[in-house]
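The values are calculated or read from the model by the stated rules, or taken from the named source; none is laboratory data. None of these values were measured; they are calculated from a predicted model. Neighbour counts are summed over all protein chains in view; Cβ atoms, including those assigned to glycine, are modelled from backbone coordinates with ideal geometry. When the accessible area is computed, the model is the full protein with side chains, heavy atoms only, and any ligands, DNA or RNA have been set aside. Shrake-Rupley method; radii C 1.70, N 1.55, O 1.52, S 1.80 Å.
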Amino acid sequence: MKVRFADGSGSIELRHLVEDVDRHGNVRVYFRRKGHRKVRLYAPVGTQAFFSQYREAHGGIDTRESAKPNELHRRPVKPGTLRSLIQQYYGSAEFRGLEGSTQHARRLILDALCAERLNTDDRASPEMGTAPYSLMEPKHVRKCRDRKADWPEGANGRVKALRQVFAWAIEAGHAKSNPAKDVPYLKASGTGFHTWTIEEVRQFEARHPIGSKARLAFALLLLTGQRRSDVILFGKQHVRDAKNIPPNLQAVHPGRWLAFTQRKNQKRKPVSLMIPLLPELEEIIAASPCGDLTWLVTQFGKPFSGPGFGNWFRVRCDQAGLTYCTAHGLRKAGATLAAERGASERQLMAIFGWQTSKQAVLYTRAAEQKVLAGSAMTLLSLDRK
């Protein structure tokens, strides 16, 4: 079935799609492949949401939400407790509006808090979820945070999650104040994910030559500058030929472009980008084994999940002897390389999809420091006349 892009920039042939018309005259689109369950695609044809549903159906992913509650949620909940408030938050529009991965991460944090003992040294101590949330004060939130002091990101995740719960509770009329609002985050040590060096880039390339799936993944990460959540979705449906590009963009880059919406914050603050498809990346894609609608696929021919790709790429890095290198570290390497070659803050924001200059400034300042130090270091020389 030929599907036209919703933005009118062209069309693409997709397999296993069928149409029928219901008794009201509405056209319905289904993914139907021999030996698989027939799946209806509800999103408007040609939109990013439609292609996302097609990928899921093609990969055999059941998108229906599981109704199986975990053990924590089977327990009776007493009204007025922290657990009762959190469970109401799970049913709110604010929580359901979050990305699926964000919902999952937040559930893990909040459920762990509810199951934690008020006194961690006493196994008979009541669980935190049984405490009245109306009596929760900043000192209690600070205590929850400090229990994770050895893992600053985890500690800050607790504060952030409780801030969101009580912010919703105030709007819903369940609480009068937010005890987590004024509890500060802990300062994280280090600079986060390791930034790949040029030497490490060459080491990976030497171990994984062009034509391998590992090299394809590596090139997509480095030569687009995007997150792994976007890279695993990239495919031919995101490519825009020169004939479909406005003349002003053709003048900047006469080749093909990638048009996509970043997966992060897609529901709340979607960021749509168009970036050039570099010739060297096109060559690697052409020489690599690719899937039907995503360039990167598993050994079973299905699209990667985010965590699955992270684990798979971790093994590929280990094979190259790069135990400290990660997929996200390549994004940082790309930003560093672009900044050191003269990219401005706005150019970095356009490539990486940052909505403020906060992230871009980190890279441009570091690059500027090196240039300024290199040009002025001789001023310290005692031999200088």
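Which distance in Å, rounded to a whole number, links the C-alpha centroids of the stretch 296-358 and the stretch 118-192?
32
Residue by residue through the stretch 37-46, which ³J(HN,Hα) values in whole Hz follow from phi under the Karplus form 6.51 cos²θ - 1.76 cosθ + 1.60 (θ = phi - 60°), with glycine and proline marked x?
So the Karplus estimates, Gly and Pro as x, are 5, 6, 10, 8, 9, 8, 5, x, 4, x Hz.
Please list the non-local residues whose amide H lies under 5 Å from the amide H of Ile210, H modeled 1.01 Å from N, same-chain partners needing a gap of 5 or more.
Excluding prolines and chain starts, which carry no amide H, there are no hits.
Specify which residue in the list Ala219, Ala287, Ala327 is farthest towards the positive end of the charge dipole of the chain, using unit charges on the beta carbon of Lys, Arg (+1) and Asp, Glu (-1), about the Cα centre.
Ala327
Quick check: at a probe of 1.4 Å, how many percent of the accessible area of the chain sits on carbon and sulfur atoms?
That fraction is 53 percent.
Work out the FRET efficiency for Val252 and Leu186 from their Cβ-Cβ distance, taking R0 = 45 Å, and round it to the nearest 0.05.
0.55
Mind ordering 146-156, 28-38 by average Cβ neighbours within 10 Å, highest first?
146-156, 28-38
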